[in-house]
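Working notes for the structure below.
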Amino acid sequence: MPRPKKPSSPFRYFNSSPVVIRLVVMMYVRFPLSLRNVEDLLAERGVDICHETVRHWWNRFGPMFAAAIKRQRISKMRGFSNWRWHVDEVFVKINGETHYLWRAVDRFTYRGAISFTSWPRMIISRAK
């Protein structure tokens, strides 16, 4: 019976540590640095790489890191999936003028304090 395959690492063909690759890509993406500036900063830390290596790693791993960050943000937002809201709308005549009143209500809105926005009839008639 064949053994199940482990997911292959995207870093398997690179001699550098995945931690160094992630640091290089994130430095280039996060801060407004040029390729040569990243190279200089890493040289100060004792990491000897070329600016073309930074570019290659950015092209190769940048989309992968961006997808991982996006997945993390989406998973954090799943807690807000039960967020509900609705809009109450009504047309009211005040002193012979028709006004459109509305409010957006969510679960945190205090129903006693209702603030309506009104538009005069001429604005509504222009919109039609």
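Quick note: the coordinates plus some simple rules give every number you see, no bench work behind them. Note that this is a predicted model, so its numbers are computed, not measured. In this analysis, Cβ positions are derived from the backbone assuming ideal geometry, glycine residues included, and neighbour counts consider all displayed protein chains.
Some notes on this structure:
- Local net charge near Leu23, Cβ-Cβ under 11 Å (Lys/Arg +1, Asp/Glu -1): +3
- Note on region 18-79: Kirkwood hydrodynamic radius from all Cα pairs is 12.3 Å, rounded to one decimal.
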